[in-house]
Amino acid sequence: MFCDKTISARIADHVAGLEVSHLDPLTQHATRRALLDALGVMLAASGITSDPVPYRTVALAHRGGRSRILGTEFTAAPTAAALANAALAHALDYGDTFDPGPAHPNAALVPALLALADADPSIDAARFLTAMTAGSDLACRLSLAPARAYEDGGWYPPPLVGLVAAAAACAKLLGLDADGIRHAIGLAMLQGSFPGEIKYDATSPLRGVREAFAARGAVEAALLAQAGARAFATPLEGRAGFFAVYGGGPARAVLTADLGVRFLGDAVSFKPWPCCRGTHAYIEAALALRDRCNWREIDGVTAEIGPIQSMLIRPQSDKAVPKSVIEAKFSIPFTTAWALVHGSVSLDSFDDQARADGEVIGLAKRITEYRNPNWGREHAASGSLVVTMPSGARLDHAVAHAIGHPGNPLSDDVLTEKFVTCAGRADMPIAAHHARTMAAQILGFGGRSSASALLRPALTDA
C-alpha cells in the first residue's frame, strides 16, 4: 500500500526522472505504434468530418507560431494548434483505446506533444517518445484508479484523465522538474470540465471533438508551469483534489503499482473499424457468422451484452435506425447488420447514404439483446451473437477480446495499411507510396534528431 499524501509527488518524480533508456524495446515500439495510429486517424478526420472545423477556424485566427494545423498549410501558437488537431483525434472514433478502463490515452496526448515539439525544434525524438510513454501510462492508470467510477459522479472520463496525463507529459517534454510537473497537473485541473452529458446527448458533436479541450488545457498548463505559475502541492490526493472531486475518494493502489516497471500504454487496443470499441466484438462475430449462413435468410440475431454495452443497443428502435454518424458508430444493431450485409466496415459505412441502406436497416431491426448478469467492466471488449435461421437452426460465435486487443493484436503491417488508408483521406491527401515511407519512419521513431523534423514528413506530401 502507499500513503495518499505522497501520490502527487511520486507521480511527478517518476515522470520527471524517466529516460528513454529506462524503456525496454517492446515499450518503445508500443509507443511508436500508438503514435502511428494517432497521426493516421487525425489525418483522415481532417478530410472526412466537418465537426472539427470550428476548432480549426479558431486556431487559424492565431496564426503565426510554429505549430502545424493539420489539414491546412498554416501554423499557429501551440495552444491553438493543440485545440485544432486534438479535435481531429477522436472525431472518427478510430483511435486506440484502453479496454480495461475508460480511456483513449493518446487522443489528447499526441496532438498536445506535437504542438510543443513543433514550437521547439530542439526537442528530440527520444524526449518525445519518453514523454508520450509516460503520458499514455498515466492516463491508463488514472482511468483505473478512482474509488468509484467517474461516470457515477456525472463526469466523462476519457478526456478528463487525458487532460491530466497530457499535462504531465507536456511538462516533461518541456524539461520541467518534478515540481513543475506537479504544478502543471494542478493547473490543468483548473482548465477542464467534462460533464457526462457529452455521452448522453446523442445530438451533440462534442463526443467526437472533446479532446480539443484536453489537449489545449494540457499545453497551456505546461507552458504556465514553465513560466512559473503555481497550483497545488497535492493536486491528485488533496482534500478537494482530483480524486476527491472526480473519483469519489482516495485513489486506488493501481495508480502507483509497478510505476516505472510496467507501462500500461503497452496494452492499448487498436481499432480495425472506425466506430465505438464496444461494437467491435459484434462486428467480428458477424463477419465470422457471415461465412456460415446467408444473411438474407436470417430470422433474427441476439447479441449478448453487459452493462457496458447497454447504451449501444438501447433503445433498440433508435439504435437500429441511427439518425447521425455518431449514433451509427455507437450502435450494435447497425454495425452488426452492416457487417453481415456488406462483409466489411470502413470509413464509408456511416455516412448519410450508408445509414439509408434499406437492407442494413431491415436486418438491424431484427437484432435484439440478451443481458448476461455476470458481465462487468472486464467484458468491455467482449461480445457474442446467436443467429436464428428459418429452419430453427441457431448459429453462434463468441469473441472474448475483440481484434486489436493486446491478446489479439493488429500487426505492424495492418497498422501501416490503416495509416495509408487514413492518410489518403486527409484534407491534403498523401499518396500511398509516400504514406508507407512515412509509416516506416514513425515505426523507427527515436534518437537525437528533432522530433518536429522527424514527424513532419508524416504530415505533408513533400
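The values are calculated or read from the model by the stated rules, or taken from the named source; none is laboratory data. Predicted, not measured: the structure shown is a model, and the values here were computed from it. Here the Cβ is made from the backbone with ideal geometry for all residues, glycine too, and neighbour counts use every protein chain on show.
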Across region 374-426, what is the number of residues that are among the basic types (K, R) and not assigned by TED's automatic domain parsing to the domain that holds L264?
2
Pick out the one residue from A82, A107, A91 that is in contact (Cβ under 8 Å) with a residue 60 or more places away in the chain and part of a helix (DSSP H, G or I).
A82
Over region 375-388, the set of residues outside any strand (DSSP E or B) and either without any contact (Cβ under 8 Å) to a residue 60 or more places away in the chain or surrounded by 15 or more Cβ atoms within 10 Å (Cβ to Cβ) (or both) is W375, H379, A380, A381, S382
Any idea which of I367, I403, I442, I430 is touching a residue at least 60 places away in the same chain (Cβ under 8 Å), farther than 19 Å from W273 by Cα and in contact with an Asp or Glu (Cβ under 9 Å, 6 or more places away or on another chain)?
I430
In this structure, is S46 closer than 20 Å to I442 by Cα, free of Cβ contacts under 8 Å to residues at least 40 places away in the same chain, assigned by TED's automatic domain parsing to the domain that holds D258 and in a helix (DSSP H, G or I)?
no
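Yes or no, residue by residue, for (1) acidic (D, E); (2) assigned to a helix (DSSP H, G or I):
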| site | (1), (2) |
| --- | --- |
| H280 | no, yes |
| A286 | no, yes |
| D318 | yes, yes |
| K323 | no, no |
| A328 | no, yes |
| P333 | no, yes |
| S346 | no, no |
| A354 | no, yes |
| V360 | no, yes |
Residue tally, condition surrounded by fewer than 24 Cβ atoms within 10 Å (Cβ to Cβ), over 23 Å from S346 (Cβ atoms) and of a type in the set (V, I, T), over region 11-57
3
Hey, can you tell me all the residues within region 395-439 that are closer than 24 Å to G47 by Cα and more than 22 Å from the chain's Cα centre (by Cα)?
M428, P429, I430, A431, A432, H433, H434, R436, T437
Take I308 and tell me if it is in a loop (DSSP other than H, G, I, E, B), under 14 Å from C276 (Cα atoms) and not charged (D, E, K, R).
yes
Within region 52-76, of all residues that are in a strand (DSSP E or B) and not small (G, A, S), the one farthest from R210 (Cα to Cα) is R66
Test A431 against the criterion of being among the aliphatic types (A, V, I, L, M) and more than 29 Å from L312 (Cα to Cα), and give yes or no.
yes
Considering region 427-459 alone, what residues qualify as being of a type in the set (V, I, T) and either in a helix (DSSP H, G or I) or not assigned by TED's automatic domain parsing to the domain that holds A126 (or both)?
T437, I442
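Residues are listed down the side, and each one gets a yes or a no for (1) of a type in the set (A, V, I, L, M); (2) surrounded by fewer than 24 Cβ atoms within 10 Å (Cβ to Cβ); (3) touching a His at 6+ places or on another chain (Cβ under 8 Å):
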site	(1), (2), (3)
A80	yes, no, yes
L92	yes, no, no
D99	no, no, yes
A103	yes, no, no
L116	yes, no, no
D137	no, no, no
A147	yes, yes, no
K172	no, no, no
I185	yes, no, no
Among residues of region 230-243, those that are surrounded by fewer than 17 Cβ atoms within 10 Å (Cβ to Cβ) and assigned to a helix (DSSP H, G or I), counted
0
